[in-house]
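The values are calculated or read from the model by the stated rules, or taken from the named source; none is laboratory data. Just so you know, these numbers come straight off a predicted model, no measurement behind them. Cβ placement follows ideal geometry from the backbone for every residue including glycine, while neighbour counts extend to all protein chains displayed. In case anyone asks, the SASA skips ligands and DNA or RNA and just uses the protein heavy atoms, side chains included. Shrake-Rupley method; radii C 1.70, N 1.55, O 1.52, S 1.80 Å.
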Amino acid sequence: MLLDDHRSPWMTEELEDLRKLTRTFLAKELVPHQERFAEQHMVDRDFWRKAGDAGLLCISIPQEYGGGGGTFEHESVIAIEQALVGDDGWANGVHSTIVAHYINAFGSEEQKRRWLPGMASGELVGAIAMTEPTTGSDLQRVRTRAVRDGDDYVISGSKTFISNGTHCDVLIIVARTGDEAGGKGLSLIVAETADLSGFERGRVLQKIGQHSQDTRELSFVDMRVPTANLLGDREGLGFVQLMQQLPQERLIIAVGAAASAEASVRLATAYAKDREAFGDNLMSFQNTRFVLAECVGDALAARTLVDSCITRHVAGELDAAGASLAKFWCTDVQNKVADKCLQIFGGYGFMAEYPIARIFAGARVQKIYGGTNEIMKELVARSL
Ligand SMILES: Cc1cc2nc3c(=O)[nH]c(=O)nc-3n(C[C@H](O)[C@H](O)[C@H](O)COP(=O)(O)OP(=O)(O)OC[C@H]3O[C@@H](n4cnc5c(N)ncnc54)[C@H](O)[C@@H]3O)c2cc1C
């Protein structure tokens, strides 16, 4: 099929090996456990260790800090393979592609040596807490406060929708350290959550999809974190740091979205060839063939767009508008394709045990997190 003929221009032999390794790992350690992970609303803690042992965590972090020494291309291969098996529960994107990169980009030498090796081995799991009950898109309204007291910050506030909320050991908190207007009073502070007094994990959130993703409320009550855990050499840099790292977060979402669209097409094509109706299979109906042809086109276009963005990102040439465009466009395609492909399954498409149903439900939030698609369009429009 056309999707099999497409070869990403950035693909190399080494990345092909990584693809095979990831595929084998997921087939053994993730796919057989997907239903259990969904029921318990998280992957097993041990799964992180196994992923670390397989070399799949922090693959684009320098080797001197325990990472794989790869690039965003390596992260992309893992994200693609994960989406192709229909998984959206293992938040490696948050852990490896986002949190580890904040530490790598803005952490001191000591901070990097303290947290990155453990994150690469899976001993430590990373999360980032930006969103609060009263603010999501408008990050400048963050209320969580960090007040200096000697060598500590005393942090108070609450966060919601935090991915890896249950497992997280290394938590980057967006907090207000000053009263300057807008984003100027914001800082990023790393909390080591083990036995941390004042750190409370709240509700495990019941979602309409991504059931095996560990999404939780977190709250901080006079929680003391050393001032040495500030990311950056002074307070007030948080907003700028977020703006620098968010494009990579948006691109990894786009990469997964394009691969998820491909997964939907593959599932629906196989089903259409197999399911019989009116004396033939579903593929004999012109409507099925046309819908699948359209979906292959959409999936291939999304993959081509992300291929181009990956190459530009690795070359340091992808700006915020480009990453935002890829994020909103590919996640829209992912949702459109999942919907059309689910229809081909008829009633079975609505049954939770069918992978197409899980993909459909899990796809919806891709248009919301990582910056909503409306905010993405704003960022694109500002560049026009
Ligand atoms: C499953 C899941 C996982 C998540 N993981 C994390 C995580 O790990 N860490 C984290 O910090 N957050 C996380 N989030 C939060 C997510 O990033 C926010 O939900 C998102 O940024 C939107 O914020 P909000 O929900 O407060 O919506 P709001 O900001 O209140 O937006 C509501 C609606 O208004 C629209 N809107 C707002 N402002 C504008 C504007 N200027 N122009 C046009 N439309 C606008 C939005 O697009 C949206 O449609 C997660 C969310 C979910 C659901």
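A few comments on the model shown:
- For region 275-330, the equivalent ellipsoid built from the Cα gyration tensor has semi-axes of 38, 9, 7 Å, listed from largest to smallest.
- Leading residue at positive end of dipole, region 1-74 (Cβ point charges), from 47, 3, 59: 47
- Summarising the label geometry, the points placed 7 Å from Cα in the beta-carbon direction at residue 290 and residue 71 lie 4.3 nm from one another.
- For region 168-208, the share of accessible area belonging to carbon and sulfur comes to 49 percent (1.4 Å probe, ligands and nucleic acids excluded).
- Global dimensions of region 1-143 from alpha-carbon coordinates: Rg and Dmax equal 16.4, 51 Å.
- Distance from the Cα centroid of region 96-173 to that of region 237-313 is 31 Å (rounded to whole angstrom).
- Full-extension gain in nm, residue 40 to residue 315, via 0.36 nm per residue minus C-alpha separation: 95.0 nm
- Around the Cα centre of region 1-149, unit charges on the Cβ atoms of Lys, Arg, Asp and Glu (plus for the first two, minus for the last two) sum to a dipole of about 580 debye.
- Computed over protein heavy atoms with a 1.4 Å probe, the accessible surface of region 1-51 works out to 61 Å² per residue.
- Binned Cα-Cα distances of region 234-384, short to long, each 5 Å bin given as a whole percent: 2, 10, 18, 18, 16, 12, 9, 7, 4, 2, 1, 1, 0, 0, 0
- Placing unit charges on the Cβ atoms only, positive for Lys and Arg and negative for Asp and Glu, gives region 53-134 a dipole magnitude near 220 debye about its Cα centre.
- Region 66-155: Rg to Rh, with Rh as the Kirkwood radius over Cα pairs: 1.04
- Rg/Rh ratio calculated on Cα atoms of region 150-269 (Kirkwood radius): 1.06
- Among 12, 372, 144, residue whose mean-square fluctuation peaks in a GNM of the chain (springs only between Cα atoms under 10 Å): 12
- Here the extension length gained between residue 140 and residue 243 equals 35.9 nm, from 0.36 nm per residue of separation less the Cα-Cα distance.
- Enclosed volume per residue, in Å³, of the convex hull spanned by Cα atoms of region 117-177: 98 Å³
- Among the trypsin sites (Lys or Arg not before Pro) in region 229-305, those located in a DSSP loop and surrounded by at most 12 other Cβ atoms within 10 Å of their own Cβ are 234.
- Taking every alpha-carbon pair in the chain and binning the separations at 10 Å intervals from zero gives 5, 24, 33, 24, 10, 3, 1, 0 percent.
- Dipole magnitude of the chain, debye to nearest 20 (Cβ charges: Lys/Arg +1, Asp/Glu -1, about Cα centre): 720 debye
- Most positive-pole-ward Cα, 223, 154, 383, against dipole of the chain from beta carbon charges: 383
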